[in-house]
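This report concerns only the one structure given below.
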Amino acid sequence: MLSLSAAPTTAAPAAKLSRVPSAALHQKTTSAAFFSQKVQLNSLRSSCSAIKSMADSQTISVPKNEQQSPASGKKQALISLSDRKDLAFLGTGLQQLGYTIVSTGGTASALEGAGVSVTKVEQLTHFPEMLDGRVKTLHPHIHGGILARRDQKHHMEALSEHGIGSFDVVVVNLYPFYDKVTSTGGIEFEDGIENIDIGGPAMIRAAAKNHKDVLIVVDNEDYLGLLEFLKGDRDDQQFRRKLAWKAFQHCASYDSAVSEWLWKQTMGDKFPPSFTVPLELKSSLRYGENPHQNAAFYVDKSISEVNAGGIATAIQHHGKEMSYNNYLDADAAWNCVSEFQNPTCVIVKHTNPCGVASRGDILEAYRLAVKGDPVSAFGGIVAFNIEVDEALAKEIREFRSPTDGETRMFYEIVVAPKYTKKGLEILRGKSKTLRILEAKSNEKGKLSLRQVGGGWLAQDSDDLTPQDIQFNVVSDKSPAESELQDAEFAWLCAKHVKSNAIVIAKNNCMLGMGSGQPNRLESLRISMRKAGDEVKGAALASDAFFPFAWNDAVEEACEAGIGVIAEPGGSIRDKDAIECCNKYGVSLLFTNVRHFRH
């Protein structure tokens, strides 16, 4: 869970940016004792099924004038669920262990239907459910029984005085707010409000706070672990604490969804004074960026990310488990290729595109993308923005490196929006380790977050494409239509290259790129060296303006034979760049849009 706060007003304390320690939701790999295994679950269900026919058909009631004695030794479990998966299994298991089950509304009816004896909440509170179900469990007879500390004599005396029985187990999950507000077609504001749970979080938090005496369960995956624990003869505070942590995390994630939704319904601003990002553990990774770093991968469960695409929600059809660097590179490749309208292949190495080509024939696009830098492409990530069919899969499997014409190209990952059945079968045969991902394009308008020491930077995602901007001619020579298209293509490629970024392209194919250099001149020289003789008549795009022109990057590009240059403009020496291009007969386009990528 990531919690971010904006700087307060002058009357408030100093600004704080904090990260909540637990980022995982429902982690399912901690231990067999804590997280259930399906084989064991089915076995225990079978052993508990016989109790249904033996269950007493009469519910256990508490006469209105008769007080319960908390010291009677009766074991009680409180169950109130919106998601009733495995409820019968839980109820029969608890009843078999001698627990009296107290329940509410629909949960009570479901238990009775499964043959489990139930005491209804109103039989304890002597008060009916009211306000359309808004008030059911908010009562001292419930919360007193949950919160009373067994090691505090005055707590137990208070329960006895008021005839309140204690609870040993509380099993609760919440109204499906997240599913409701993210459903297709959305939800009316009032319906959203009615799906905000109040009594549930109160019971969960109460039981989690008093976990030393009360076991709290919020996930049906923990039912087996709970029953096995209750069968044992030793108390395990670590088990109790894990359940309590999970309960508080469950509430925190729930509240983050309510907060996000309500903020958007009220203000709609992307940058609220504070906000929380709910993260769910998808996998533990072998290591991080380097082998000495531990790592894990989390999925963003924010409402804004539902069905919004991206590598985090990609389906892996084949290959080794994804690594930390695999995720970074696959994300870079997928984000780049998804921006192109025509059939396109993008090859990425260390998050930089080293080969990009667009063609009507995707096979040709793939070959040209590899040819752009075959040395870098080897061991890289290859991405397509169209379906991978049988013909393309065969080409990926069999294509030889242009460097020697013999070595089959090797890739870490192939990512595409979909695969034909035959195409997937062929790719699986290329390598046991090849990771094959099926992904959905990222939606535009997302919020981009990046961590710095002690804080987080937030910004709009960089969604601009050539169709969104103007390429303004500022030189004497205007580019031909084909040159303008080359400039637009190079500009879009440069957007995805690390700064300082220079891209040279022609005929919808990236010929060379220079990335990540501290000075723009060196990036230019790298890109021209990769482009070789093809630089003549090609387009050059820069992610930012050129600070110098004469005897620097602009003049070197002109002397090499570049036909058109696209850059943002905005330098105090823009006039020098214009005059230099005019001298060499090169078209110069200002976009007024910078594309830094750090």
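The values are calculated or read from the model by the stated rules, or taken from the named source; none is laboratory data. Model, not experiment: these values are computed from the prediction. Virtual Cβ from ideal backbone geometry, glycine too; neighbours counted across all protein chains shown. Each accessible area value is taken on the protein alone, full model and side chains, heavy atoms only, with ligands, DNA and RNA left out. Shrake-Rupley method; radii C 1.70, N 1.55, O 1.52, S 1.80 Å.
Scanning the chain for GluC sites (Glu not before Pro) that sit in a DSSP loop and have at most 10 other Cβ atoms within 10 Å, the longest stretch containing none of them is 189-405. Shown in residue order for the stretch 492-509 are the 3J(HN,Hα) couplings computed by the Karplus curve 6.51 cos²θ - 1.76 cosθ + 1.60 at θ = phi - 60°: 5, 5, 4, 4, 9, 9, 5, 6, 6, 10, 10, 10, 10, 8, 7, 6, 6, 9 Hz (x for Gly and Pro). Counting only protein heavy atoms and a 1.4 Å probe, tell me what percentage of the chain's accessible area is made up of carbon and sulfur. Here carbon and sulfur together make up 50 percent of the probe-accessible area. Can you classify the stretch 461-598 as rounded, prolate or oblate using the Cα gyration tensor, where a ≥ b ≥ c are the square roots of its eigenvalues, rounded means a/c under 1.5, and otherwise it's prolate if a/b beats b/c and oblate if not? The shape class here is rounded. Coupling constants for the stretch 480-487 follow from the phi torsions by the Karplus curve (6.51 cos²θ - 1.76 cosθ + 1.60, θ = phi - 60°), and in residue order they are 5, 4, 5, 5, 5, 5, 5, 5 Hz; glycine and proline get x.
Computed with a 1.4 Å probe over protein heavy atoms only, the accessible area of Met203 comes to about 0 Å².
The residues neighbouring Glu188, those whose beta-carbon lies less than 13 Å from its own, together hold a net charge of -2 under the Lys/Arg +1, Asp/Glu -1 convention.
Once you have a ≥ b ≥ c as the square roots of the Cα gyration tensor eigenvalues for the stretch 197-319, tell me rounded if a/c is under 1.5, and otherwise prolate or oblate according to whether a/b is larger than b/c. Oblate, since a/c reaches 1.5 and b/c is not below a/b.
Among the trypsin sites (Lys or Arg not before Pro) in the stretch 521-582, those located in a DSSP loop and surrounded by at most 14 other Cβ atoms within 10 Å of their own Cβ are Lys536.
For Lys320, the shell of other residues with beta-carbons less than 12 Å away shows a net charge of +1, using +1 for Lys and Arg and -1 for Asp and Glu.
I'd like the FRET efficiency for Asp151 and Leu97, computed as 1/(1 + (r/R0)^6) with the beta carbon distance as r and R0 of 25 Å, rounded to 0.05. It comes to 0.60.
Neighbours of Gly310, meaning other residues whose beta-carbon lies under 9 angstrom from its beta-carbon, give a summed charge of -2 when Lys and Arg score +1 and Asp and Glu score -1. Seen against the Cα atoms of the chain and their longest principal axis, helix 237-266 is set at about 60 degrees.
Here Kirkwood radius over Cα pairs in Å was calculated from the structure, and among (1) 28.3; (2) 33.8; (3) 24.5 it sits at label (1). Using a probe of 1.4 Å, the accessible surface attributed to Thr266 totals some 90 Å² when neighbouring protein chains are kept in position. The helix-only estimate of mean residue ellipticity at 222 nm for the chain, built from DSSP H runs of length n ≥ 4 each weighted as -39500 (n - 2.57), is -10500 deg cm²/dmol after division by the residue total.
Applying both filters, DSSP loop and at most 14 other Cβ atoms within 10 Å, to the chymotrypsin sites (Phe, Trp or Tyr not before Pro) of the stretch 250-306 gives Tyr287.
Once backbone amide H atoms are built at 1.01 Å from N, Ser401 has Glu406, Thr407, Arg408, Met409 as its partners under 5 Å, excluding neighbours fewer than 5 places away on the same chain. Among beta bridges from DSSP that stay inside the chain, the antiparallel ones total about 60%. Here the 3J(HN,Hα) profile of the stretch 377-393, calculated from phi with Karplus coefficients 6.51, -1.76 and 1.60 at θ = phi - 60°, is 5, 5, x, x, 10, 10, 10, 10, 9, 10, 4, 8, 9, 4, 5, 5, 4 Hz, Gly and Pro shown as x.
Classify the stretch 110-158 as rounded, prolate or oblate, taking a ≥ b ≥ c as the square roots of the eigenvalues of its Cα gyration tensor: rounded when a/c is under 1.5, otherwise prolate if a/b is larger than b/c and oblate if not. Could you put the intermediate results ahead of the total?
Details: a/c = 3.08, a/b = 1.56, b/c = 1.98.
Oblate is the answer for the stretch 110-158, as a/c is 1.5 or above yet b/c matches or exceeds a/b.
Per-residue surface analysis assigns Tyr411 an accessible area of about 0 Å², computed on protein heavy atoms at 1.4 Å probe radius.
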